[in-house]
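So the structure is just underneath, and the comments pick up after that.
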Amino acid sequence: MLAIAGGKGGSGKTTTTLGLASALDGPVLAVDADRDMPNLHAMAGVERPVDAAPGAPVREPSVRSHPTDPTVSVLPAPTGTDDDAFERWLRTAADDERRAVVDCPAGAGPDAAVPLRVADGVVVVSPLCAPALRDAAKTAAMARALGTPVVGCVVSRSRMAPEAVSDLVGAPVLGTVPEEPSPVLTRPTVRAAYSRIADRIPGKE
């Protein structure tokens, strides 16, 4: 499981989760781990089913097919969870035969810690904004404290990334994603950016 994390809401985590899910060799399961502000299902264009309950096995109809990419399945965030059940739910997703890419909650609270702890690796996402980059560095530090390696960072809404970004996060910059009008993931420049990023993720095969 690859966690897509960042310190700030609106940093580009959900876009990066779906962008990488399509760019990685399929089949891929895109998972929404943000229980408080779930939006991966909406961006993917699927319904959030009422039976996406914590503690239950990951099974149909909780998993939805992506409407435009047959290699991607979408698992919306569960509802009404307690922390232990949420972690069990997420570990079930991690054990799925498909490669899982998980959209993490923002910040450094307990909700954000669970997917970082479950994941095999973390990609940190941040725009070129000093407060967001500082928060991204805190997220990277939290992942390492939980024993999960940070495999790289993605700079959103930018065509360049200063070397200082890698130094601050403590991980290589995998790539940048240019700012484009919505719907972002339909833009050729954005799709090409995520394809290049996917090629640079260690162990992507």
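The values are calculated or read from the model by the stated rules, or taken from the named source; none is laboratory data. Just so you know, these numbers come straight off a predicted model, no measurement behind them. In this analysis, Cβ positions are derived from the backbone assuming ideal geometry, glycine residues included, and neighbour counts consider all displayed protein chains. We work out accessible area using only protein heavy atoms, side chains counted, and drop any ligands, DNA or RNA first. Shrake-Rupley method; radii C 1.70, N 1.55, O 1.52, S 1.80 Å.
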Add +1 for every Lys or Arg and -1 for every Asp or Glu among the other residues with Cβ under 13 Å from the Cβ of ARG91, and state the total. -4
For helix 188-200, report the angle its Cα long axis makes with the longest principal axis of the Cα atoms of the chain; keep it between 0 and 90° and round to the nearest 10°. 90
Long-range HN-HN contacts of ARG99 with modeled amide H, under 5 Å: LEU29
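Magnitude of the Cβ-charge dipole of segment 122-205, K/R +1 and D/E -1, about the Cα centre, nearest 20 debye?
Details: 10 positive and 7 negative charges, 20 e Å.
So the magnitude is around 100 debye.
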Compute the accessible area per residue over segment 123-190, keeping the other protein chains in place, probe 1.4 Å, unit Å². 47
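Which peptide among 118-124, 32-38, 42-48 comes first, and what is the full order, when sorted by highest mean count of other Cβ atoms within 10 Å? Don't skip to the end; give the middle numbers.
Values: 118-124: 23.7, 32-38: 19.3, 42-48: 16.9.
Per-residue Cβ counts within 10 Å, averaged per peptide and sorted highest first, yield 118-124, 32-38, 42-48.
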Once you treat every alpha carbon in the chain as an equal point and sum by Debye, what is log10 I(q)/I(0) at q = 0.10, 0.17, 0.19 Å⁻¹? -0.36, -1.10, -1.39
Could you look at the chain and say what percent of its accessible area is carbon and sulfur, using a 1.4 Å probe and all protein chains? 51
Give me the 1.4 Å probe accessible area per residue for segment 1-53, excluding ligands and nucleic acids, in Å². 34
What does the charge count around GLY9 come to, taking other residues whose C-beta lies under 13 Å from its C-beta (Lys +1, Arg +1, Asp -1, Glu -1)? -3
Within 10 Å, Cβ to Cβ, of ASP111, how many net charges do the neighbouring residues add up to if Lys/Arg are +1 and Asp/Glu are -1? -2
Could you tell me how many degrees, from 0 to 90 and to the nearest 10, lie between the Cα long axis of helix 130-145 and the main elongation axis, the longest principal axis, of the Cα atoms of the chain? 60
Report, to the nearest 10°, how far helix 13-23 tilts away from the longest principal axis of the Cα atoms in the chain, using its own Cα long axis and a range of 0 to 90°. 80
With a point put 7 Å past each Cα toward its Cβ, work out how far ASP199 is from ARG159 in nm, to one decimal. 1.9
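Determine the percent antiparallel among the DSSP beta bridges restricted to the chain, to the nearest 5. Don't skip to the end; give the middle numbers.
On the way: 2 of 28 bridges.
Within the chain, antiparallel bridges account for around 5 percent of the total.
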